[in-house]
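What follows is a single structure, written as structure tokens, with notes after it.
Any read-out appearing in this document is the output of simple, stated calculations on the displayed coordinates, not a laboratory observation. Fair warning: this is a prediction, and the values are worked out from it, not measured in the lab. Using ideal geometry, Cβ is built from the backbone for each residue, glycine included, and neighbour counts are taken over all protein chains shown.
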Amino acid sequence: MRGLVILSVLTVWALNCASVPTRDTSGRHWSCDEKEKEPGARLAMLSINNKHFHGYKFQLSNITFSTVEKGQSDCKLHLELDLQETTCHIINPKSFEECDIRQDYETQVNAHCNVTLSITEGIAEVSKHSCNTEPVSAEKMVRMCPDCPILLPLHSPEGLESVKAGLRQFNMDHNYTSYFKLMEVGRIKSGYMMMTGMNYYAELAIVETDCNAKSRIDRHACKPLCPDEARHGLCKSTLLGNGQVDVNCEIYEALNASSPRTPGRECGHPPHHIH
């Protein structure tokens, strides 16, 4: 499928950011003291989730280490944080604190982050963070839930067929005037059932395009609308072994949706290519 954004959650990947600091704008006066580790961890979570370009939002699980490095007129607060993946995709407008934690049996992804906050004249900002993330191990999953669907690599050919089927079904069924295209695949699982055979369960993020849903057009030529115009959605699709497709999508209106986290993404209204 052209245009797929693929991130395999079955491999360890990193979230690194040091270019644009996230500053606390609450007006709170920060001190150079380890008692700042809790508010520092929350500011770190805001920074991590706001600069997280793919996948799902995270919540804080535990502060595993904190230390203060003091200078003459400022200081640095170093934190080590354990995070848990939530069920909210980054396009979901909810605050990460409102999101549900993904359960272990759903193959939860965990993260360990090193964060540095700089505190100068009572103002704090997250100057850098680096996170390593990985899913619950396959061995643990088998012990916890041997009959649960297993997580597949996001480049699984059969899994991607289920993604295409879900997207096609949504565009056939919805009442919006615009065609929606795939933004990225969130996750794909598979499981066997006696009555239907091998079933595939996918989560996919979609975005509204500049193409009319009912016109005969080259779907590959459709471009996402700009963030202030485009609806986004997270769909959960099921492709049964007998070919039956079911899809349910939660759609976020443009003005309330989080901006897509794809830097340099093209948007606009290019000419349509009609078949």
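How about segment 189-224: which trypsin sites (Lys or Arg not before Pro) there lie in a loop by DSSP and see at most 13 other Cβ atoms within 10 Å?
Details: sites: K189, K214, R216, R219; in loops: K214, R216.
For trypsin sites (Lys or Arg not before Pro) across segment 189-224 that sit outside H, G, I, E and B with at most 13 neighbouring Cβ atoms in 10 Å, the list reads K214, R216.
Using a/c under 1.5 as the rounded threshold, could you call segment 13-140 rounded, prolate or oblate? The axes a ≥ b ≥ c are square roots of the C-alpha gyration tensor eigenvalues, and prolate needs a/b larger than b/c, oblate otherwise. Show your work: numbers first, answer last.
Working: a/c = 2.25, a/b = 1.82, b/c = 1.24.
Judged from the Cα gyration tensor, segment 13-140 comes out prolate (a/c at least 1.5, a/b above b/c).
If you line up the Cα atoms of segment 150-252 on their principal axes, what length do they span on each, largest first, in Å?
Taking max minus min along each principal axis of the Cα atoms, segment 150-252 gives 44, 23, 23 Å.
Counting helices only, and only those DSSP H runs with n ≥ 4, report the 222 nm mean residue ellipticity of the chain as the sum of -39,500 (n - 2.57) divided by its residues, in deg cm²/dmol to the nearest 500. Provide the component values of the computation, followed by the final result.
Working: 3 runs with 38 residues, N = 275.
Helices in the chain give a 222 nm mean residue ellipticity of -4500 deg cm²/dmol.
With everything on Cα atoms, drop me the angle between helix 37-50 and the longest principal axis of the chain, reported from 0 to 90° to the nearest 10.
Helix 37-50 sits at roughly 30 degrees to that axis.
Where does the Debye-calculated log10 I(q)/I(0) of segment 33-78 sit at q = 0.23 Å⁻¹, using only Cα point scatterers of equal weight, no solvent?
-0.86
For semi-axes √(5λ) of the Cα gyration tensor in Å, several values are listed as [x] 38, 25, 13; [y] 28, 21, 18; [z] 31, 28, 16; flag the one computed from this structure.
Only one option fits the structure, namely [x].
Within 10 Å, at most 15 other Cβ atoms, and a DSSP state outside H, G, I, E, B define an exposed site. Report the longest part of the chain free of exposed chymotrypsin sites (Phe, Trp or Tyr not before Pro). Please report the intermediate quantities before stating the final value.
Values: sites that count: F53, Y176.
Longest run free of exposed loop sites: 54-175.
By how many degrees, 0 to 90 and rounded to 10, does the Cα axis of helix 157-173 deviate from the longest principal axis of the chain?
In the chain, helix 157-173 runs at an angle near 80 degrees to the longest axis.
Can you sort R28, R187 by how many other beta carbons sit within 10 Å, fewest first? Let's see the in-between values first.
Values: R28 12, R187 25.
Placing the least packed residue first, the sequence is R28, R187.
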